[in-house]
């Protein structure tokens, strides 16, 4: 979890979109194309898409890697193998009960932090959340 903590505390003016998902979660898999489209659309902006999978570490080679290859995901994928959920979930958001999909959007320099405990139903919906953070004044 220190990877995400380091990003949160970095002070950089980068907007991070961190999606918590798993290959066995149908709503998670359904919204992955929206994150991929956002990744492509905002490739020139100070935005990073990070897909944090909660798949089991034992399934890494047999399930996760084949899934990633089949879906051709270009976003950064991180396997969260931290099992002490009660230690790291409050660091993301104090009300998060661990349900996925969930998305954490934050920008350290702007002191912006939002947590979404639902799945996104379209690219437009996801993009509307991020757009104000990258628009220049």
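Just so you know, all these numbers are worked out from the coordinates, no wet-lab data involved. This is a predicted model, so every value here is computed, not measured. Positions of Cβ are backbone-derived with ideal geometry, glycine not excepted, and every protein chain shown enters the neighbour counts.
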Item checked: Among beta bridges that DSSP assigns inside segment 2-106, antiparallel share in %, nearest 5 -> 30 percent
Notebook entry, point to check: At a Förster radius of 25 Å, what calculated FRET efficiency corresponds to the Cβ-Cβ distance of residue 37 and residue 87, to the nearest 0.05?
Noted result: 0.15
Next item on the list: Output the Cα-based Rg and Dmax of the chain in Å, rounding Rg to one decimal and Dmax to a whole number.
Entry: 14.4, 47
Notebook entry, point to check: Based on the alpha-carbon gyration tensor of segment 82-137 and its eigenvalue square roots a ≥ b ≥ c, which shape applies: rounded if a/c is under 1.5, prolate if not and a/b is larger than b/c, or oblate?
Noted result: oblate
Next item on the list: Specify the residue with the greatest mean-square fluctuation among 26, 72, 110, computed from a Gaussian network of the chain linking alpha-carbon atoms under 10 Å apart.
Entry: 72
